[in-house]
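> Below is a structure I'd like to ask you about.
The values are calculated or read from the model by the stated rules, or taken from the named source; none is laboratory data. Computed from a prediction, not measured in an experiment: that's the story for all the values here. Glycine gets a Cβ as well: all are built from the backbone with ideal geometry, and neighbour counts include every protein chain shown.
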């Protein structure tokens, strides 16, 4: 007669779950963060430019978008995209729904950061650019945005760090990312404290790496400072 296996120790649970959690981090959490931030940042630039536009209707739409995104919970936005939009024929797979929701959320918050950074560039930079024959888009690309980037990097880095942690909400739309892996293992083993703390360690290490990257980026952007 074979004997059943006894209950696993906390260390055994952590050791057996560490790899699935790492896979969830690499395959879902990090790609979701990177893709959502890239799309969100591109949208934020467009919204910021619309926000400072001389066209009142365009500026009004941008203000309304920012107000709605900043005035509603991210979890609610995620539920609307994944559970609500299918009722009007827009159905997305979990990963795509998460990207859409997180990108729009990033755009809503980052747009004001980008707008403030653009407005911090002295108006004389625009005037000087026009005197040498640069049009508006060329002025933005070659003169204004490189200078604005230095001002925007710290708050945008905070947005990126928040996004990384907010991806844990992807579990509510059935994404098996880092936090979801810890949830599944904790429900099976009842080692909630150990597994959730271990998941927190993963998030913390990535945040430390991103913060280090932010400092290096700020150093490189210092060359755009006009003295």
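> In region 107-128, how many residues are at pLDDT below 90, surrounded by 14 or more Cβ atoms within 10 Å (Cβ to Cβ) and over 16 Å from residue 52 (Cβ atoms)?
Number satisfying all stated conditions: 0.
> Next up: With surrounded by fewer than 16 Cβ atoms within 10 Å (Cβ to Cβ) and in contact with a helix residue (DSSP H, G or I) (Cβ under 6 Å, 6 or more places away or on another chain) as the only criterion, which of 205, 174 stands out?
174
> Specify which of the listed residues (181, 191, 218) is under 21 Å from residue 31 (Cα atoms) and surrounded by 13 or more Cβ atoms within 10 Å (Cβ to Cβ).
On inspection, the qualifying residue turns out to be 181.
Listed here are the residues, each with its yes/no results for (1) within 16 Å of the chain's Cα centre (by Cα); (2) free of Cβ contacts under 8 Å to residues at least 24 places away in the same chain.
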position	(1), (2)
165	yes, no
173	no, no
180	no, no
188	no, yes
192	no, yes
196	no, yes
